[in-house]
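This report refers to the structure that appears directly beneath it.
The values are calculated or read from the model by the stated rules, or taken from the named source; none is laboratory data. Because the structure is predicted, anything quoted here is derived from the model rather than measured. Here the Cβ positions follow ideal geometry from the backbone for every residue, glycine too, while neighbour counts run over all protein chains shown. The area values use the complete protein model at the heavy-atom level, side chains included, leaving out ligands, DNA and RNA. Shrake-Rupley method; radii C 1.70, N 1.55, O 1.52, S 1.80 Å.
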Amino acid sequence: MEQTLAQILALWSPLVSDGLALSQVPDELTPPISALLGQRGLQWSQCMDTRVDQTTCEYGPANAKHVAVILGDSYALAIYPMVIEALGLDDWRVIGLNQRECMVSDIVPWPWKGTKPDLECPVHREWVNSFIAETNPDLVILSDQPFHPIADGNDNSGDNHDSLWREGLDSALQTLRPLANNIVYFGVPSSQTALTDCVTAGGRIGDKCTSSSTKFLGYINQQAILSNRYNIPFINPNEWLCYDGRCPAIIDNTPVYWDGAHLTQSFAAKLAPLFRAFLIENDLI
């Protein structure tokens, strides 16, 4: 019999607490800080920036009993190991539908670096919706970065960002809800200063390495509210990444983020038991 989410959290939470107590980078840190910026690696080069009308990556047998789809931007790409480890590839085929800077919300992104709207994202999103409708996957997993700049006409939305993002997410979830029986939303984690920048001389862990679980609380609350509106189970990742409101950069000798925002592949895999238990308890698998 599989452990419940509460049972797994009871074993996991002390590891998060221990991470907050660290003052020095442990010798057994895996991967080491020197390897973090290479975490984009093979997965990022193969599973991002494909054509807008094709899948990014596929794992598992073509004739698998079940199909799962991971949808979102680079934040969704970062949780691949969590999903793959949680489901296993014997009975599941996992398909990535990720586009750089193309969040779940039904909006037009404004690139971090650029002077015009990213008009490929809406084309990709329309294709994705058609793909999901035709494929009828057993599970759709959503994950994205809600604070990415978005367009308001032909300009950066600026102060209008949050209202446009919220309206767009409402529209996106309303469209997705009828396309798949089971959908889960993995919310935005609290990012922090990258270990490569916040660890000081002698491997000392600086204060900036720790973040607060309230950092993106406004976005998390809206993600949760809109998910609930469409009967989509929602995961606040900070309930797994933080302890007593504080979020360490290292948990169980593993860096949480490779750049301060995207989960390392090693750490994402460690979340698999929690994710699997959540899926089971919400009757998603």
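What is the spread of the Cα atoms of the chain along each of their three principal axes, largest first, in whole Å?
If we take the Cα atoms of the chain, the spans are 51, 50, 35 Å.
Per the 1.4 Å probe, what fraction of the accessible area of the chain, in percent, lies on carbon and sulfur atoms?
Using a 1.4 Å probe with all protein chains present, the chain comes out at 47 percent carbon and sulfur.
For Lys208, go through the lysines and keep the ones whose alpha-carbon is under 28 Å away, minus same-chain ones fewer than eight residues off.
The qualifying lysines are Lys113, Lys270.
What is the local net charge at Arg166, summed over the other residues whose Cβ is closer than 13 Å to its Cβ (Lys, Arg +1; Asp, Glu -1)?
In short, -3.
Please work out whether the stretch 1-154 counts as rounded, prolate or oblate from its C-alpha gyration tensor, where a ≥ b ≥ c are the square roots of the eigenvalues and a/c under 1.5 means rounded, while otherwise a/b larger than b/c means prolate and anything else oblate?
On the way: a/c = 1.98, a/b = 1.27, b/c = 1.55.
Cα axes put the stretch 1-154 in the oblate bin.
In whole angstrom, how long is each semi-axis of the equivalent ellipsoid of the stretch 134-285, when you take the square root of 5 times every eigenvalue of its Cα gyration tensor and sort them from largest down?
Whole-Å semi-axes of the equivalent ellipsoid: 29, 22, 13.
Which percent, to the nearest 5, of DSSP beta bridges fully inside the chain are antiparallel?
So the antiparallel bridges in the chain amount to around 45 percent.
For Leu87, what is the net charge nearby, where nearby means another residue's Cβ is under 14 Å from its Cβ and Lys, Arg count +1, Asp, Glu -1?
Values: positive: Lys65, Arg93, Arg276; negative: Glu2, Glu58, Glu85, Asp90, Asp91, Asp138.
Net local charge, Leu87 excluded: -3.
Take the Cβ-Cβ distance between Leu11 and Asn282 as r, set R0 to 22 Å, and report the resulting FRET efficiency rounded to the nearest 0.05.
It comes out at approximately 0.60.
Where nothing but the Cβ of Lys and Arg (+1) and of Asp and Glu (-1) is charged, how large is the charge dipole of the chain around its Cα centre, in debye to the nearest 20?
Here the size comes out at about 220 debye.
May I ask for the longest run of the chain untouched by GluC sites (Glu not before Pro) that are loop-located per DSSP and have at most 12 neighbouring C-beta atoms (other than their own) within 10 Å?
In short, 29-285.
Counting heavy atoms of the protein chains only and a 1.4 Å probe, report the per residue accessible area for the stretch 187-285 as a whole number of Å².
That works out to 41 Å² per residue.
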